[in-house]
Each structure stands twice: as structure tokens, then as C-alpha cells.
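The values are calculated or read from the model by the stated rules, or taken from the named source; none is laboratory data. The model shown is predicted, which means the values in this text are computed figures rather than measured ones. Quick reminder, even Gly has a Cβ in these numbers, built from the backbone with ideal geometry, and neighbours come from all protein chains shown. Just so you know, the surface numbers come from the protein's heavy atoms only, side chains and all, with ligands and any DNA or RNA stripped out. Shrake-Rupley method; radii C 1.70, N 1.55, O 1.52, S 1.80 Å.
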Amino acid sequence: MMAFTHALVGALLAAPVVALAPEFAVPAAAAGIVGGLLPDLDLFVGRHRRTLHFPVLGWALALPAIGVAAVAPTTATVAAAVGSASFALHAGTDALGAGDEIRPWERTSAEAVFDHRRGRWIAPRYWIRYDGAPEDVVATAALAAPIVAFYPAPLPAIAAACVALGVAYAVVRRRLPPVVEELVG
Ligand SMILES: [Zn+2]
């Protein structure tokens, strides 16, 4: 899945906050976006889909954080709850896409995301065949719709920007591998 899809999943996790405690809506959605983007920093440091991806153990952090926010809702506790849930969910949803490879449509990698608890890789499910696939754009638009409709500013604008950037990424996605190989050498 694209970074934009992960960001919008994170923002959408703030939906209960938008409905029940709108005073925390903006920081909660912002934390969801950050939590959804954070795992892929391991593209640059460590091993991608492993160093900062915790599909199972991430919930050991997120579930207590959600409990704390439910009992004692403040800007900090609510943001921590949504952010940590988004961080865990990012790794889990990576299993629904392709493996970790430069041309994921070739399906040569069986490594979608690392399960630190079992100490082994989870195989890709290909519900979304690769990041930037047409169905990835559809998912991005579908996730953005309720944010555009119901969230306070500036989140509708951010969600719309994610869709626009996602479309642009999808258009060039299959031309990126040679460029990346050129840059990396
Ligand atoms: Zn990821």
C-alpha cells in the first residue's frame, strides 16, 4: 500500500474521536497520520518491513494506550492511542499487499511484513497487488471520502491532497524501479 493509503487509514482511526470528542479530533487524526507513516521510515534505516513494523506486538502498545485514553481522555492520551493503533495497523495491513521488493508485481518476494513474536515473515496476501496499483488508488479515495465529509479543517484538504498525490504516484509507479536503481547504484 502507498504511504497515502496508510496515512488515511490512520486518520480514519480517529473517527470515534471525531464523533464522540470532537475537541480532540484534529490532534487525534494528525497522530493517526503520523503513526501510519512512521513504520516506513525503516525504508531508510534498518530492514524495511521489519525494523519498525510490528504487526502483532504493536498492539501490546496500542491496546493499553486505547484503554488509558478511554479512561482519561486528554489531547496527549487520545493522540497516543490513535497514533499507536495506526502504527500497529500499518504493519498488519502491509500483509494484505505485496512482498518487499522493488517490482512487487513480479511477486518474487514472500516477505510482506515481519512477525517479531513468531520470528518469521508473514507472506503477502495481494488484496492490493502492489503499492500504487489501481485498487490502491480506489482504497485511498474510499478512505478519504468520510474524512472529507465529516472531519474538521484542515483534514478534508489533507485527505484530498493524499488522493491527488496517490493518483500521481500510481501513474508513474511502474516506471520508478529503474529510477530507484539508478539512484541507489
Ligand atoms: Zn510498511
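Structure notes:
- For the chain, modelled as a GNM whose springs connect Cα atoms under 10 angstrom apart, the maximal fluctuation among GLY119, GLY83, GLY99 occurs at GLY119.
- Taking the C-alpha atoms only, the angle from helix 155-172 to the longest principal axis of the chain is near 0 degrees.
- Relative contact order for the chain: 23 percent, from Cα pairs under 8 Å spaced at least 6 residues apart, divided by residue count.
- Protection-proxy order for peptides 1-7, 38-44, each taking the mean of Cβ atoms within 10 Å per residue, highest first: 1-7, 38-44
- For the chain, the longest principal axis of the alpha carbon atoms and the long axis of helix 58-71 meet at an angle near 20°.
- Compactness of the chain, expressed as Rg and Dmax over alpha-carbon positions, Å: 16.5, 52
- Accessible carbon and sulfur surface of segment 57-185 relative to its total accessible area, %, 1.4 Å: 69 percent
- The mean accessible area for residues of segment 28-184, using a 1.4 Å probe and ignoring ligands and nucleic acids, is 51 Å² per residue.
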